[in-house]
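Notes for the one structure printed next.
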Amino acid sequence: MSTLIVQRDGPLTRLTLNRPDKANALDAALVEALLGAVTIAHSDGTRLLVLDANGRNFSAGFDFGGYETQSEGDLLQRFVRIEQLLQAVYHAPFATLALAQGRNFGAGADLFLAASLRICTADSSFRMPGLRFGLQLGTRRLAARIGDEAARALLADSLVIDAEEALDLGFASELVKATDWAGLAGDVLQSALLLSPEAATRLHAATLRDTRALDMADLVASAAAPGIKARIAQFREKA
């Protein structure tokens with residue numbers, strides 16, 4: 001069974017993470033599938049992209065399975081592809097909706113945060129601990145969502161925030177029971193269709209600060225620093 005389910009219904013594209021046995025952790029194959037699908041959506045008439053997931057969690061983030069046997073260069077490439085995915089979602093020229101449940105970690109929380117509308121259940125939680133092993137991923141996007149000081153505190157202390165805290169900070173847009181998610185995409189799509197594709201593209205470009213080059217440079221510099229595997233091992237021992 002595919003680890004990513006892609007459904008297209010006119011102007012709506014839905015991408016469903018489908019590794020429930022791995023808490024939808026982002027292995028290399030899933031990241032490539034997501035990036036490919038989002039890239040296609042940029043030019044196929046999509047007006048709303050929905051990101052959701054099967055299972056108890058939206059995403060546990062970077063899949064560390066087997067990282068010990070991968071070279072540091074291979075790990076760097078995987079982190080770069082995740083950053084490219086997050087940039088493609090964040091700077092999409094159309095509305096994006098993420099629906100999250102359960103415990104969400106690292107790049108999984110970043111993927112949720114990249115969407116323009118972010119809805120989660122009341123039992124959701126989020127943690128972004130990358131700096132604990134020296135990885136800088138998505139810091140400016142987080143600061144744009146919740147403010148500089150809040151972002152600094154969340155990342156410096158590797159805080160776990162619950163759904164209410166996420167809502168208060170602006171990390172999440174709204175709390176909605178999963179049983180009430182069925183009609184959300186339709187409602188968001190109707191709003192998205194109020195503007196022409198050209199107007200929506202101009203709006204997104206004008207209201208999102210483009211820090212893609214800086215974000216990628218930060219990510220590469222942090223991931224390419226020698227010893228990333230040892231830092232990951234030390235972090236995982238303490239986590």
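The values are calculated or read from the model by the stated rules, or taken from the named source; none is laboratory data. Note that this is a predicted model, so its numbers are computed, not measured. As a convention, Cβ positions derive from the backbone with ideal geometry for all residues, glycine included, and neighbour counts pool all protein chains shown.
Miscellaneous remarks
- Residues that are crowded, with 21+ Cβ neighbours inside 10 Å, in a loop (DSSP other than H, G, I, E, B) and over 16 Å from the mean Cα position of the chain (by Cα) within segment 4-46 comprise just one, 46.
- Reported count of residues in segment 115-141, each being surrounded by fewer than 24 Cβ atoms within 10 Å (Cβ to Cβ) and either in a helix (DSSP H, G or I) or hydroxyl-bearing (Ser, Thr, Tyr) (or both), is 9.
- Some residue of segment 83-94 being among the β-branched types (Val, Ile, Thr), at pLDDT 95 or above and surrounded by 24 or more Cβ atoms within 10 Å (Cβ to Cβ): yes
Residue-by-condition table, conditions (1) at pLDDT below 95; (2) among the hydrophobic types (A, V, I, L, M, F, W, C):
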{"residue": "1", "(1), (2)": "yes, yes"}
{"residue": "35", "(1), (2)": "no, yes"}
{"residue": "41", "(1), (2)": "no, yes"}
{"residue": "47", "(1), (2)": "no, no"}
{"residue": "76", "(1), (2)": "no, yes"}
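- Checklist (1) surrounded by fewer than 12 Cβ atoms within 10 Å (Cβ to Cβ); (2) not in a helix (DSSP H, G or I) applied to residue 179, failing item: (2)
- Qualifying positions in segment 59-113 - touching a Gly at 6+ places or on another chain (Cβ under 9 Å), assigned to a loop (DSSP other than H, G, I, E, B) and of a type in the set (A, V, I, L, M): 60
- Test: residue in segment 209-229 that is assigned to a helix (DSSP H, G or I), under 24 Å from residue 94 (Cβ atoms) and either small (Gly, Ala, Ser) or touching a strand residue (DSSP E or B) at 6+ places or on another chain (Cβ under 9 Å) (or both): yes
- Of all residues in segment 174-197, those being under 16 Å from residue 96 (Cα atoms) and charged (D, E, K, R) number 2.
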